[in-house]
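Comments concern the structure below.
The values are calculated or read from the model by the stated rules, or taken from the named source; none is laboratory data. Here the structure is a predicted model, which is why all the values come from computation and not from measurement. Note that each Cβ is placed from the backbone with ideal geometry, even for glycine, and that neighbours are counted across all protein chains shown. Calculation scope for accessible area: heavy atoms of the full protein, side chains included, ligands and nucleic acids excluded. Shrake-Rupley method; radii C 1.70, N 1.55, O 1.52, S 1.80 Å.
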Amino acid sequence: MIYFDNAATTPVHPEVAALFVKLLQEYGNPDSLHALGRKTSHLLDESRLRIANMLHVRKDEIIFTSCASESNSMAIVGYALANTKRGKRIITSNAEHSSNQSAMKFLEQMGFEVIYLPIHEDGQIHAQDVAKAMTDDTILVSLIHVSNEMGAINDLSAISDVVHQNPTCVFHGDCTQSFGKIDIPMDKLDMMTMSAHKIHGVKGSALLYKKFNIELQPLLFGGQQEQGLRGGTENAPTHIALAKTIRLALQEQEATQKKIKAIKDRLITRLQEIEGAKVLSPKDGADSILCVCFEQMTSQVLQNALDERGICVSAISTCESKHAGPNPVLINMGCTQKEATHNIRLSFSNQNTLKEADQFIDTVKEIIAAYGLPL
């Protein structure tokens with residue numbers, strides 16, 4: 001099998017898996033007062049502290065969640081509802097993850113004004129776009145760091161400088177596809193989302209970084225957990241394992257970046273051998289994601305043919321995989337209707353190889369020769 005769908009999820013790192021299995025066998029409720037509960041609570045606190053130290057932030061600025069979608073919802077909806085006295089205007093883009101889009105739609109129903117900035121042909125929101133949209137009553141700017149569809153990178157540092165000219169506005173970065181792959185300007189962000197299963201961690205484990213002075217409205221009620229922001233029994237094993245997941249990802253980031261860049265470059269070079277093949281990802285995009293189209297075959301037909309041959313790819317964000325029709329992010333980026341219905345997304349990790357890249361190209365050639373429509 002060739003697995004080129006790492007933007008959807010990644011295989012669990014063996015060290016993380018071993019720790020997680022051990023934790024499943026010997027943990028208690030961290031809110032229990034007995035010895036086993038106290039031990040689990042200590043391990044949870046230790047994990048939070050280690051993560052904070054690795055990110056160079058305060059321990060009380062790390063909030064454990066179940067997934068990036070929850071973190072995004074907590075950041076966007078939680079902040080908006082808690083800070084209506086500051087204003088009710090929010091800025092985002094028309095190329096965000098579905099969890100962010102849904103959170104924004106909910107806030108519009110609650111009477112908030114949401115500004116959806118259009119992306120450029122490079123897939124980015126530029127700092128000057130944000131500057132033009134800012135007003136005194138703008139309380140939140142929320143933008144994705146690396147596009148989960150085509151790998152475009154927003155310059156969070158430059159955008160942050162614009163946002164923070166307004167003292168009543170905070171900046172949230174959705175770094176789900178960038179964490180552990182490219183550097184994140186943590187000192188420029190007020191809130192940041194990441195997820196473990198995008199960096200070879202356990203599903204059900206994620207976090208929201210928020211500055212200590214930021215007030216959020218709880219969205220999940222029930223108890224004292226996570227500073228009262230997320231009631232319910234802590235999923236201690238996943239949160240404890242998250243510290244090791246992050247350590248390994250950051251430790252291996254440079255080597256991973258070098259390896260996946262070589263894979264992406266090989267694919268781009270060899271795609272020139274296929275008539276009708278076109279790279280849709282921007283040239284300066286993240287090396288972890290490559291969006292391409294093949295004019296002879298629709299996304300669904302090519303995906304199915306590749307799947308039959310043991311090659312896993314996507315055509316759209318997994319959270320939108322039931323979506324019918326052209327890829328909306330590609331349309332917003334200025335791609336043609338055909339490009340947005342004939343695209344596939346390849347995404348890489350340090351477990352992929354150059355040999356797999358060559359096998360992929362050879363397989364696509366065979367599929368197009370057998371089933372592709374004439375150009």
*So, with +1 on the Cβ of K and R and -1 on the Cβ of D and E, and no other charges, what is the size of the charge dipole of the stretch 128-283 about its Cα centre, to the nearest 20 debye?*
760
*Take peptides 349-357, 127-135 and line them up by average Cβ neighbours within 10 Å, highest first, as a rough protection proxy.*
349-357, 127-135
*In a Gaussian network model over the chain where Cα atoms closer than 10 Å are linked, find which of L290, L19, L302 has the largest mean-square fluctuation.*
L19
_For Rg and Dmax of the Cα atoms in Å, pick the label among [x] 31.5, 105; [y] 20.1, 59; [z] 21.3, 71 that corresponds to the value derived from the coordinates._
[z]
*Along the charge dipole of the stretch 126-223, Cβ charges K/R +1 and D/E -1, which of I199, T138, Q217 sits furthest on the positive end?*
I199
*List, in the order given, every pair from K59/K258; K188/K261; K278/K338; K22/K203; K198/K258 whose Cα-Cα distance in the structure shown is over 20 Å.*
K59/K258; K188/K261
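Decide, for the stretch 121-271, between rounded, prolate and oblate: order the square roots of the alpha carbon gyration tensor eigenvalues as a ≥ b ≥ c, take rounded if a/c falls under 1.5, and otherwise choose prolate if a/b is larger than b/c, else oblate.
In terms of gyration-tensor shape, oblate.
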*Charges only on Cβ, +1 for Lys and Arg, -1 for Asp and Glu: so what's the dipole of the chain about the Cα centre, in debye to the nearest 20?*
660
_In whole percent, and with a 1.4 Å probe on the protein chains, what portion of the accessible area of the stretch 228-375 is carbon and sulfur?_
51
_the chain, helix-only ellipticity at 222 nm - DSSP H runs n ≥ 4, -39,500 (n - 2.57), divided by all residues, nearest 500_ = -11500 deg cm²/dmol
*Quick one: among T176, T269, T193, which has the greatest mean-square fluctuation in a GNM of the chain with alpha-carbon springs under 10 angstrom?*
T269
_For the stretch 223-243 and the stretch 2-17, distance of Cα centres in Å_ = 24
_Where labels lie 7 Å past Cα in the beta-carbon direction, separation of Q165 and L250 in nm_ = 3.2
*Quick one: putting +1 on the C-beta of Lys and Arg, -1 on the C-beta of Asp and Glu, what dipole do you get for the stretch 53-167 around its Cα centre, in Debye to the nearest 20?*
440
*Helix hunt in the chain: which complete DSSP H runs extend at least 15 Å axially by C-alpha with mean Kyte-Doolittle at least -0.5?*
14-25, 35-55, 236-271, 354-371
*asked:* Can you tell me which aspartates and glutamates have their Cα less than 16 Å from the Cα of K211? Leave out same-chain residues fewer than eight positions away.
replied: D60, E61, D174, D187, D190, E226
*Rounded, prolate or oblate: which fits the stretch 1-117, taking a ≥ b ≥ c as square roots of the Cα gyration tensor eigenvalues, rounded meaning a/c under 1.5, else prolate when a/b beats b/c?*
oblate
*What is the distance in Å between the Cα centres of the stretch 336-365 and the stretch 81-139?*
32
